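Everything on this sheet refers to the single structure shown next.
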Amino acid sequence: MTVLALEPQPLAFRVRPQADECFDSWIDRVAAAHETTRPALFRHLGLEAAIASLDLARGTCGLSNEQYFAVYQVIGQLAWAVEIEVQQIEGTFLNVEASVVLPRRQRRYVCPLCWQQALRDGRAPIIRKEWILRMSWRCQVHALPLCALPVADGAMSEQAVGSWLSGAVARAESLRWKLGAHPRLVEWNAEGVDTLVRASRERFKGEKKAYVDRFQANLFHFAHDRIAMLALAHSRVGKATWGFERLVALELPGRPGREVMTLQPPKLPPRRWRISKGSLRPGSHDAGVLDLVLAYAHLRVRRDAQTQVEAQFGRFPS
């Protein structure tokens, strides 16, 4: 690991944000170029290392006054260090509510075709702002399901990335073929993602509003394969995901007793629309994929809920 100088000074490599790149992707590229960590990078620039632990995907949104000024100082210092305008760094932020963004450690979904093209063109592969949104599951350019990077922080060598990409493209193509997306839902998803990225105040109505309300803050990232679950939810058999949503929304009772160890039913808004009004045609989808997804939706979460109960209250005899 490179030891950076103690005195603040411009960085050796001018790593600039690419168009539509999210902040985490950019700052991690800056640190990687200097073979250091984000906290060490911040210390080098005269900033408190503790600020490096803040979630800066949304910039100054939702911060206290004290944190606001600290983050604003970070933005200015980073802009000076790589010789760019402050607005270029601000362009990496999403002006959205925290509930619509994936948890920090799960912002590792990318389009493998976008990454392949970037490497061919000699550009650094990046994570786009739209890909860290909870409702984002497909590439708007290639109409391909996203894939999760095998390393949480994206720290992979170019050779490892190239090796991973070949298999990732094949898996994404297979999922797209097996679970054909419903055109209307794809259109609504694209509109919802675009509205969030642009921080638009556009108001949706009717079924489209119900869709956006449901998917902006969805909890499919709790699934082992988030993208497969979202792909299924946007297919013509999307109603199969209702079980997952209801199970993951279960709440423990306030004061459980020995006699009653049931989970409270989820508090969900009345269903005003159906994901799919059509019926599944025999042989139109691969049963193996559906079996895998549905098995998780209906069994894995129930097992996790039971484990949580036992961890907090002990195992009770039946």
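The values are calculated or read from the model by the stated rules, or taken from the named source; none is laboratory data. Bear in mind the structure is a predicted one, so any value in this text is a computation, not a measurement. Quick reminder, even Gly has a Cβ in these numbers, built from the backbone with ideal geometry, and neighbours come from all protein chains shown. All accessible areas refer to the heavy atoms of the entire protein, side chains included, with ligands and DNA or RNA removed. Shrake-Rupley method; radii C 1.70, N 1.55, O 1.52, S 1.80 Å.
Taking Q9 and the conditions (1) among the polar types (S, T, N, Q); (2) in contact with a helix residue (DSSP H, G or I) (Cβ under 6 Å, 6 or more places away or on another chain); (3) open to solvent by 30 Å² or more (accessible area, probe 1.4 Å), which numbered condition does it fall short on, given that it satisfies the others?
(2)
Quick one: count up the residues across the range 114-129 that are crowded, with 19+ Cβ neighbours inside 10 Å and touching a residue at least 40 places away in the same chain (Cβ under 8 Å).
5
For the structure I just gave you, tell me whether F42 is surrounded by fewer than 16 Cβ atoms within 10 Å (Cβ to Cβ), part of a helix (DSSP H, G or I) and not aliphatic (A, V, I, L, M). Talk me through it step by step, then tell me what you get.
On the way: surrounded by fewer than 16 Cβ atoms within 10 Å (Cβ to Cβ): no; part of a helix (DSSP H, G or I): yes; not aliphatic (A, V, I, L, M): yes.
Considered against the rule, which asks whether it is surrounded by fewer than 16 Cβ atoms within 10 Å (Cβ to Cβ), part of a helix (DSSP H, G or I) and not aliphatic (A, V, I, L, M), F42 comes out as no.
Pairs under 9 Å by beta carbon, first residue free of Cβ contacts under 8 Å to residues at least 40 places away in the same chain in the range 222-244, partner open to solvent by 10 Å² or more (accessible area, probe 1.4 Å), six or more apart or different chains?
Between residues of the range 222-244 that are free of Cβ contacts under 8 Å to residues at least 40 places away in the same chain and residues that are open to solvent by 10 Å² or more (accessible area, probe 1.4 Å), the close pairs are K239/R274; W242/R271.
Please determine whether any residue of the range 45-54 is open to solvent by less than 20 Å² (accessible area, probe 1.4 Å), in a loop (DSSP other than H, G, I, E, B) and over 25 Å from S136 (Cβ atoms).
So far as the range 45-54 goes, yes, one or more of its residues are open to solvent by less than 20 Å² (accessible area, probe 1.4 Å), in a loop (DSSP other than H, G, I, E, B) and over 25 Å from S136 (Cβ atoms).
Within the range 75-99, can you find the residues that are open to solvent by less than 10 Å² (accessible area, probe 1.4 Å) and out of contact with any Phe, Trp or Tyr (no Cβ under 7 Å at 6 or more places or on another chain)?
Correct list: I75, L78, A79, A81, V82, I89, L94.
Just a yes or no: is a residue in the range 35-42 charged (D, E, K, R) and touching a residue at least 60 places away in the same chain (Cβ under 8 Å)? It would help to see each step written out before you state the result.
First, the residues of the range 35-42 that are charged (D, E, K, R): 35, 38.
Pick out the ones that are also touching a residue at least 60 places away in the same chain (Cβ under 8 Å) and you get none.
No, every residue in the range 35-42 fails to be charged (D, E, K, R) and touching a residue at least 60 places away in the same chain (Cβ under 8 Å).
Being free of Cβ contacts under 8 Å to residues at least 40 places away in the same chain and crowded, with 21+ Cβ neighbours inside 10 Å is the filter here, so list the residues in the range 130-167 that pass it.
C139
Can you list the helices (runs of 4 or more DSSP H) lying wholly within the range 176-281 that have 2 or more residues being at pLDDT below 70?
Filter on the range 176-281 gives an empty set.
Spot the failing condition for A190; the list is (1) out of contact with any helix residue (DSSP H, G or I) (no Cβ under 8 Å at 6 or more places or on another chain); (2) surrounded by fewer than 13 Cβ atoms within 10 Å (Cβ to Cβ), and only one is missed.
A190 satisfies every listed condition except (2).
With the structure loaded, tell me whether A57 is touching a strand residue (DSSP E or B) at 6+ places or on another chain (Cβ under 7 Å) and open to solvent by less than 80 Å² (accessible area, probe 1.4 Å) or whether it fails that test.
yes
Across the range 60-74, what is the number of residues that are free of Cβ contacts under 8 Å to residues at least 24 places away in the same chain, assigned to a helix (DSSP H, G or I) and surrounded by 16 or more Cβ atoms within 10 Å (Cβ to Cβ)?
2
Of the residues A170, A199, only one is surrounded by fewer than 17 Cβ atoms within 10 Å (Cβ to Cβ) and on the phi > 0 side of the Ramachandran plot; which?
Exactly one residue qualifies, and that residue is A199.
With the requirement that a residue be among the basic types (K, R), under 26 Å from R58 (Cα atoms) and open to solvent by 30 Å² or more (accessible area, probe 1.4 Å), what does the range 202-254 give you?
Across the range 202-254, the qualifying residues are R203, K208, K209, R214.
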